[in-house]
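K.L.:
Pasting in a structure now, in structure tokens, and then I'll have a few things to ask.
The values are calculated or read from the model by the stated rules, or taken from the named source; none is laboratory data. Worth saying up front: this structure is predicted, and the values here are computed from it rather than measured. For neighbour counting, all protein chains shown are included, and Cβ atoms are generated from backbone atoms with ideal geometry for every residue, glycine included.
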Amino acid sequence: MIAVAGCVAQAEGKEIIRREAAVRVVVGPQNIHRISELVARAKTGQAVVDTEFAVEDKFEQLAKPKPEITRARGISAFVTVQEGCDKFCTFCVVPYTRGNEVSRSVERILAETETLVSQGVKEVTLIGQNVNAYHGRGLDGRDWTLPKLVARLSEIPELLRIRYMTSHPRDMDDELIEAHRDFEKLMPFLHLPVQSGSDRILEQMNRKHTRADYLRIIERVRNVRPDTAFSSDFIVGFPGETDRDFEDTLALAREVGYAQCYTFKYSPRPGTPATDMSEQIPEAVKTERLYRLQELIETQQRAFNLSCVGRELDVLFEKPGRNEGQIVGRSPYLQPVPVIAPISMIGSVARVRINELRTYSLIGELVANAPASPTVNSAPEVNAFA
Ligand code: SF4
């Protein structure tokens, strides 16, 4: 049986079944907890489309994963803290398919995280379409912001690392920036999408921030936590994007010096304002711009990874490695780091001296008797490739 689930399913609904009769279930992201029921209905012969927004809280309806399943998934887990978005970027379908921004309560997030931790999880990534707009009901009955949530989660002793994604630059306020200084468990790797380096295009995208605003945030985060590395999302070939606009994007990427990025060609999403904008960019132009941006980002990524060689990084060990006696962990920047070490170290953080860069990983060795502490990582040279 073929089922199509997610934002596109939500937006397209019956159209998916009209175009492909083999699809038996179409379900939007808000109704995913009903999937067993939908599959059962589809088995009776009729295709099922469920794209109404459910009134019930899907997180309360979804079956909790069994402890053995959580353990099998490893020591890192995602925890959804908010969903939906009120920003209405003109290229994006999320506000229409996921609805308005809704935050889960601190109590529920805390309960879920504590359960995960009791089952062996050591790192959580707090996720949401616009995660730094988080404003869930706090333990004192008032709305809590993301940094306050991070502060509370930091108090869980066995939880070693906290990350969050995806953020909007408009919601990177002082409190959140200072959290990067104040909470060691918050990893110094921030995914902060900018989409374009041109103010003209940012305005057309309804991003509600300028290029200068974005660069100021990067600078402020670096000021409070100098070892922070950044990743971003970029869209090239947005309607009306000129060569000059695209050069502004390249210049912004050079100025920031990213550790990693996700790059996309603009593609119209039905029902979004940008779909109807004139001056759609020819496919060949989009492709050429995408390749140029990707070339730059790959150079930056390699430079960043190379800048880690010779440094000592804290590594959270996740699983056995491919070779005898080896285990593999992740650096604060999510690079895989294999080292020779006892399997009993899986689930712990230890200091590793990085000796070599391979295509997909950093090769290192344990630093004897060095206590792990994220604060003593030195700042990688991420800005040196203009
Ligand atoms: S791109 Fe992000 S901020 Fe903009 S509307 Fe979509 S989810 Fe919201």
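K.L.:
Any idea which of Lys64, Lys87 is of a type in the set (Lys, Arg), surrounded by fewer than 13 Cβ atoms within 10 Å (Cβ to Cβ), assigned to a loop (DSSP other than H, G, I, E, B) and outside the structural domain of Gln10 (by TED's automatic domain parsing)? Give the derivation first.
P.N.:
Details: Lys87 fails: surrounded by fewer than 13 Cβ atoms within 10 Å (Cβ to Cβ).
Checking each option against the conditions leaves just Lys64.
K.L.:
Please determine, by comparing only the residues of region 10-24 that are touching a residue at least 12 places away in the same chain (Cβ under 8 Å) and among the basic types (Lys, Arg), which one is surrounded by the fewest Cβ atoms within 10 Å (Cβ to Cβ).
P.N.:
The extreme case among them is Lys14.
K.L.:
Testing Pro320 on (1) within 30 Å of Leu160 (Cα to Cα); (2) in contact (Cβ under 8 Å) with a residue 40 or more places away in the chain; (3) of a type outside the set (A, V, I, L, M), one condition comes back false. Which one is that?
P.N.:
Against the list (1) within 30 Å of Leu160 (Cα to Cα); (2) in contact (Cβ under 8 Å) with a residue 40 or more places away in the chain; (3) of a type outside the set (A, V, I, L, M), Pro320 comes up short only on (2).
K.L.:
Can you tell me how many residues in region 238-256 are surrounded by 21 or more Cβ atoms within 10 Å (Cβ to Cβ) and either among the polar types (S, T, N, Q) or not in a helix (DSSP H, G or I) (or both)?
P.N.:
Residues flagged as surrounded by 21 or more Cβ atoms within 10 Å (Cβ to Cβ) and either among the polar types (S, T, N, Q) or not in a helix (DSSP H, G or I) (or both) within region 238-256 amount to 3.
K.L.:
Hey, another quick one. Which of the residues that make up region 25-54 are assigned to a helix (DSSP H, G or I) and loosely packed, with under 14 Cβ neighbours inside 10 Å?
P.N.:
Hits for region 25-54 are Ser36, Glu37, Ala40, Lys43.
K.L.:
Between a first residue in region 71-99 that is more than 8 Å from the ligand (Cβ to nearest atom) and a second residue that is assigned to a loop (DSSP other than H, G, I, E, B) and of a type in the set (A, V, I, L, M, F, W, C), which pairs have beta carbons less than 6 Å apart while being 6 or more apart in sequence or on different chains?
P.N.:
Matching pairs, first to second residue: Ile75/Val121; Ala77/Val121; Thr90/Met205; Gly99/Phe53.
K.L.:
Could you list all residues from region 257-285 that are aliphatic (A, V, I, L, M), farther than 21 Å from Cys7 by Cβ and in a helix (DSSP H, G or I)? Talk me through it step by step, then tell me what you get.
P.N.:
So in region 257-285, the residues aliphatic (A, V, I, L, M) come out as 259, 274, 277, 281, 284-285.
Add one more test, that the residue is farther than 21 Å from Cys7 by Cβ, and what stays is 259, 281, 284-285.
Those that are aliphatic (A, V, I, L, M), farther than 21 Å from Cys7 by Cβ and in a helix (DSSP H, G or I): Ala284, Val285.
K.L.:
Got a number for residues in region 100-128 being buried (at least 17 other Cβ atoms within 10 Å of the Cβ), within 16 Å of the ligand (Cβ to nearest atom) and in a loop (DSSP other than H, G, I, E, B)?
P.N.:
Selection size over region 100-128: 2.
K.L.:
If you don't mind, there's one more thing I want to ask. Is it the case that Leu159 is buried (at least 17 other Cβ atoms within 10 Å of the Cβ), more than 23 Å from Cys92 (Cα to Cα), away from the ligand (no atom under 16 Å from the Cβ) and touching a residue at least 60 places away in the same chain (Cβ under 8 Å)? Quick ask: steps written out before the conclusion?
P.N.:
On the way: buried (at least 17 other Cβ atoms within 10 Å of the Cβ): yes; more than 23 Å from Cys92 (Cα to Cα): yes; away from the ligand (no atom under 16 Å from the Cβ): yes; touching a residue at least 60 places away in the same chain (Cβ under 8 Å): no.
In short, no.
K.L.:
In this structure, does His135 turn out to be away from the ligand (no atom under 11 Å from the Cβ) and in a helix (DSSP H, G or I)?
P.N.:
No.
K.L.:
In the list Arg152, Arg163, Arg181, Arg170, which residue meets the criterion of being of a type outside the set (Ser, Thr, Tyr), assigned by TED's automatic domain parsing to the domain that holds Cys89 and assigned to a strand (DSSP E or B)? Steps first, please.
P.N.:
On the way: Arg152 fails: assigned to a strand (DSSP E or B); Arg181 fails: assigned to a strand (DSSP E or B); Arg170 fails: assigned to a strand (DSSP E or B).
Arg163 is the lone residue from the list that is of a type outside the set (Ser, Thr, Tyr), assigned by TED's automatic domain parsing to the domain that holds Cys89 and assigned to a strand (DSSP E or B).
K.L.:
Please count how many residues of region 185-214 are within 14 Å of the ligand (Cβ to nearest atom) and among the hydroxyl-bearing types (Ser, Thr, Tyr).
P.N.:
2
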